[in-house]
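Inspection log for the structure reproduced underneath, given as structure tokens.
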Amino acid sequence: MSNAPLLELRNISKSYGSVQALTDVSFKAHAGEVIGLVGDNGAGKSTLIKVISGVHAPDSGELLVNGEARHWKSPHDSMEAGIETLYQDSGLAPHLTIGANIFLGRELLRRGPLGKLGFLDQRRMERQALEELDKVGISVPAGRKTVSDLSGGQRQAVAIGRAVMWAKNVIILDEPTNHLGARQSQEVLNVIRAAREQGLCVLFISHTLPHVLEVCDRIVVLRLGSIVRDDPTSTYTVESLLGTITGLTK
Amino acid sequence: MSVQSSPVGTAASATTPKKGFSLSTLATNQLTILLLVFIALFFYFGSQNVRFFRTGEISSLVVDFSGLVLLAIAETFVIVSGGIDLSVGSTVAIAGVLGAEVMNHYQGHIGQVPLLLLGTLICALVGLLVGAINAFLITVVNMVPFVATLITLSAGAGYALVVSGGGDVGDNQAAIIWSSTGWWIFTWLSLLVLAVAVITCVILHFTRYGRYTFAIGSNDFAARAAGINIKRHIASIYVLSGLLSGLVGMFWFIRIGSGAPTTGDTANLEAIACVVIGGVSLTGGTGSVLGTLLGCAILTIVTDGLVFINVPPTWNQVVVGAIIAIAAGLQAFRGARSRR
């Protein structure tokens, strides 16, 4: 099993009504690999990650995790399989605390009979949230602060921290450096490197090409729903990457 | 029940300096303000008319308050989850009328206690059914909650009229007499209602069920992406709302000794008013049962107190409107400030 790719897509296609969002998309992703997923708006990046994370089902094609064909009925299934996704701008519940967001869908319950009744262990969640975020190199103010009280950069940090903390196989980051300053962006890139060290596979979706070139091992370029190029990062320059995305160069 | 391990305390105090506090004080502030408003109103009406302070008057305040509480809590769950339930009032009517029909049939054949328990069961079942219809329309047919519950509002109120023939159903004097017995300022009925209120408060604020309710209202996409089965959860909230409304139907049957098709007429708006006064945002994701309870208390004391300062009851609705305007205005002001 060790040489089977962590995640493999075979001929994935998906359309919304008359719009063909993805056509025959195939690629392999291995453990410890950071893969850049780039493309212009409407190239199909968001649809692709929603297929991988189980938000949408593909019309056709296969999705394999560790060499096994899998079908997601809901995002819950992909999470169970160790795939975590950071969605662009919408991954957190703003009215809930940091701790509540980190543990959303995986709440820690009280020990004993109260836990069986569904009582939450609020303090344990808040404490562990801070500890785990700290482990992945993210420091945030108190775990009981609500997300709406955080700055854009802090929110993003919490969202990334949650994804890295729970991911066992694949972590998908959709525009994680959006709205971030230079230093915060560097911190995000460091978190990505740390995730690679842990043997995770990172799918990094971004419009900020220098970031993609800086951190990725491989770059996959999507255009109009198809993969047009999939090569090691060293074979790209900013200009050639831009040209491939826009379709101006071959 | 507290967690034993000592690091919790140290970690919490180390990691929650002033910043963590500002939020909790903000939340408590709102409840404190509501409580102060309530106390001020209480003493104002009392100062205008000393009879207001008599145990009997306070007891009747508690009864009127109890009639609102469960509907307002039902509405709180729904609104926290980002929805709206317009059918709570008509569910009260249809449950009360159908419960009364069944009790009418058995009255005299079985004892009073089994009769009322049977009525409670029927009211609960009717409420569950209406809630299930709402849940079906919203999560399976994918109607927006406003439209789905508008349908059950209209159909439920209409069906209550059809079944009852427009008049009151049943005549149970023993129930009325029991409804005024109790302890101190509380009738047994009020105590039952308050017990249910405490349970629902615990569910909303301390359990996973409540957490998912807030999460869905705050950001339903995030909740879904976190693996929460949001359709099932939303469905269960409307069923819960129906159940509580059905029980309120029984509450009114006991108070007036019959099922009246008109009991829930203004209840929808009053319930929503209590929730808004209590600080629950109609956009979902925030709110508390405690705030809603204070909202109910304020609404009750104002509508009951007006009588004591010789304001004709015809002004009630206008005053309720004014209170909602003040509460919602404050909320909008706060919202605008916190978004900056």
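We did not get these values from a lab; they are worked out from the coordinates using the rules stated. In this text, all values refer to a predicted model and were calculated from it rather than measured experimentally. For neighbour counting, all protein chains shown are included, and Cβ atoms are generated from backbone atoms with ideal geometry for every residue, glycine included.
What to note about this one:
- Going by neighbour counts of Cβ atoms within 10 Å, the residues A:Leu96, A:Leu241 line up, fewest first, as A:Leu241, A:Leu96.
- Neighbour-count order for A:Met79, B:Met250, A:Met125, fewest beta carbons within 10 angstrom listed first: A:Met79, A:Met125, B:Met250
- Two tests apply to each whole DSSP H helix in chain B, Cα reach of 24 Å or more along its axis and mean Kyte-Doolittle hydropathy of at least 0.5, and the ones passing both are B:18-48, B:55-80, B:88-106, B:112-135, B:145-164, B:188-206, B:230-256, B:289-308, B:316-339.
- Cα-based convex hull, the protein assembly as shown, per residue volume (Å³, whole number): 190 Å³
- Over all distinct Cα-Cα pairs of the range A:128-250, the Kirkwood formula returns a hydrodynamic radius of 15.6 Å.
- When peptides B:226-239, B:286-299, B:136-149 are ranked by their average number of other Cβ atoms within 10 Å per residue, the highest-first order is B:286-299, B:226-239, B:136-149.
- The ranking of A:Lys45, A:Lys28, A:Lys73 from fewest to most other beta carbons within 10 Å of each one's beta carbon is A:Lys73, A:Lys28, A:Lys45.
- Tail fraction, Cα-Cα pairs, the range B:255-340, threshold 19 Å, whole percent: 47 percent
- Neighbouring partner chain Cβ atoms per residue of B:216-223, average, 10 Å criterion: 6
- Among A:Gln20, A:Gln154, A:Gln88, residue whose mean-square fluctuation peaks in a GNM of chain A (springs only between Cα atoms under 10 Å): A:Gln20
- Other protein chain Cβ atoms within 10 Å, averaged over every residue that makes up A:113-121: 4
- Annotation: peptides A:209-220, B:64-75, B:87-98, B:180-191, ranked by per-residue average of other Cβ atoms within 10 Å with the highest first, follow the order B:87-98, B:64-75, A:209-220, B:180-191.
- Over chain B - Rg/Rh using Cα atoms and the Kirkwood inverse-distance radius: 0.99
- Shielding by partners, peptide A:124-136 (average Cβ within 10 angstrom, other chains): 2
- Here the protein assembly as shown carries DSSP beta bridges of which approximately 60% are antiparallel, counting only pairs with both residues inside.
- Residue among B:Thr76, B:Thr263, B:Thr55 with the largest mean-square fluctuation in a Gaussian network model of chain B, springs linking Cα atoms under 10 Å: B:Thr55
- Kirkwood radius for chain A, taken over all pairs of different Cα atoms as the inverse mean of 1/r, rounds to 18.8 Å.
- Charge sum, other residues only, whose C-beta stays under 13 Å from B:Val88's C-beta, Lys/Arg counted +1 and Asp/Glu -1: -4
- Between the range B:127-157 and the range A:110-169, the C-alpha centres lie 36 angstrom from each other.
- Taking a sphere under 13 Å around the Cβ of A:Leu209 and counting the other residues whose Cβ falls inside, with K and R at +1 and D and E at -1, yields a net charge of -4.
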